[in-house]
Structures are given as C-alpha cells and as structure tokens.
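Undergrad: Below is a structure I'd like to ask you about.
All of the numbers you see were taken from the coordinates with simple rules; none came from a lab. Here the structure is a predicted model, which is why all the values come from computation and not from measurement. Don't worry about glycine lacking a Cβ; one is built from the backbone with ideal geometry, like all the others, and counts go over all protein chains shown.
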Amino acid sequence: MRSEVRELLIRARAIQAEHGNCQYSMYDKGSHHRTDRRSDGPGSVCARGAIYAGRFGYEVLRQSVTYGSPCRALSEYMKDPLCMEAERALGFDPEGSLAQWNNRPETTLTDVLNLFDTALAKDVKVEVESDDRERELVAA
C-alpha cells in the first residue's frame with residue numbers, strides 16, 4: 001500500500017473513531033427522519049465519509065453536506081483517485097460495495113474500525129531474519 005493511502009486510512013480511522021458511524025449518508029447532520037438507518041448521532045460519518053474527511057477535512061465534509069450538496073461531496077469522492085485507492089485497500093470495489101456494507105443493519109462502528117485496522121495491519125512492516133541472518137523489513 002502506498003504511504004499516501006496508508007496515511008489517509010489512518011486519518012479516516014481516527015475520524016471514524018472520534019465521530020462515530022452513520023448509515024445512508026456521508027455525514028449525519030442530525031436532521032434525518034428515516035427510521036431504517038442507524039446513526040451514532042449528529043456529526044457521525046459513514047466509512048466513505050471518514051475517507052472523504054481524511055482526504056479533504058472533516059469541516060469540508062460537514063459544510064458540504066450541511067450547506068451544500070451531499071451529491072457533490074460524493075462526486076468529488078468518486079473522482080478522487082486516492083479515495084478510490086483507499087476503498088480498494090479496504091478490500092472493496094469502489095462501485096459501491098463499501099457503502100452497501102456500511103449500510104447493512106448489522107454493521108456497527110466497531111465493525112468499521114476493525115475494517116480499517118485489518119487493512120492497516122496487512123501493510124505493517126515486520127522484521128524477519130533472512131537466510132544469511134541479516135535483518136530486513138518485509139510486508140506482512
């Protein structure tokens with residue numbers, strides 16, 4: 001995984017942990033009336049919202065969804081190669097499967113954080129001894 005993608009996933013995970021998870025919206029502005037979606041409260045983000053906020057800033061996401069157009073934010077996200085690469089690093093096809101997974105009724109904040117943790121753990125460098133007893137770093 002490229003370092004830019006790794007850094008984006010680290011930022012996205014931190015945003016997700018701080019603000020919580022929501023469904024069917026990149027950012028929960030607290031004015032929804034749907035009863036079929038789960039939210040950890042106003043200001044929470046979906047997995048894509050966390051990646052968007054990690055890339056462009058949480059405040060940019062909040063303002064875009066609250067005062068602008070949520071569709072514009074999603075369009076910016078879908079056009080950004082780094083966001084798309086981050087989705088692939090999480091194991092999802094950017095055509096919408098991350099959003100579908102996030103929106104399943106059983107998906108919780110813990111599940112989303114575990115998803116980020118698993119992707120980041122796959123990219124950890126570990127020390128191993130080679131046959132000539134030199135230490136080298138390899139991808140785990």
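Undergrad: I need the full set of residues from region 66-96 which are surrounded by 13 or more Cβ atoms within 10 Å (Cβ to Cβ) and of a type in the set (A, V, I, L, M, F, W, C), in order please.
TA: Of everything in region 66-96, those that are surrounded by 13 or more Cβ atoms within 10 Å (Cβ to Cβ) and of a type in the set (A, V, I, L, M, F, W, C) turn out to be ALA73, LEU74, MET78, LEU82, CYS83, MET84, ALA86, ALA89, LEU90, PHE92.
Undergrad: Which residue out of VAL112, VAL45 is touching a His at 6+ places or on another chain (Cβ under 7 Å) and aliphatic (A, V, I, L, M)?
TA: Result: VAL45 is the single residue among VAL112, VAL45 that is touching a His at 6+ places or on another chain (Cβ under 7 Å) and aliphatic (A, V, I, L, M).
Undergrad: So GLN63 clears everything in (1) surrounded by fewer than 14 Cβ atoms within 10 Å (Cβ to Cβ); (2) touching a Leu at 6+ places or on another chain (Cβ under 9 Å) except one condition, right? Which one?
TA: Going through the list (1) surrounded by fewer than 14 Cβ atoms within 10 Å (Cβ to Cβ); (2) touching a Leu at 6+ places or on another chain (Cβ under 9 Å), GLN63 breaks only (2).
Undergrad: In region 48-83, which residues are in contact (Cβ under 8 Å) with a residue 60 or more places away in the chain and either touching an Asp or Glu at 6+ places or on another chain (Cβ under 8 Å) or not in a helix (DSSP H, G or I) (or both)?
TA: Passing the criteria: only LEU82.
Undergrad: Among the residues in region 84-101, are any in a loop (DSSP other than H, G, I, E, B), out of contact with any Asp or Glu (no Cβ under 6 Å at 6 or more places or on another chain) and among the aromatic types (Phe, Trp, Tyr)?
TA: Yes, region 84-101 contains a residue that is in a loop (DSSP other than H, G, I, E, B), out of contact with any Asp or Glu (no Cβ under 6 Å at 6 or more places or on another chain) and among the aromatic types (Phe, Trp, Tyr).
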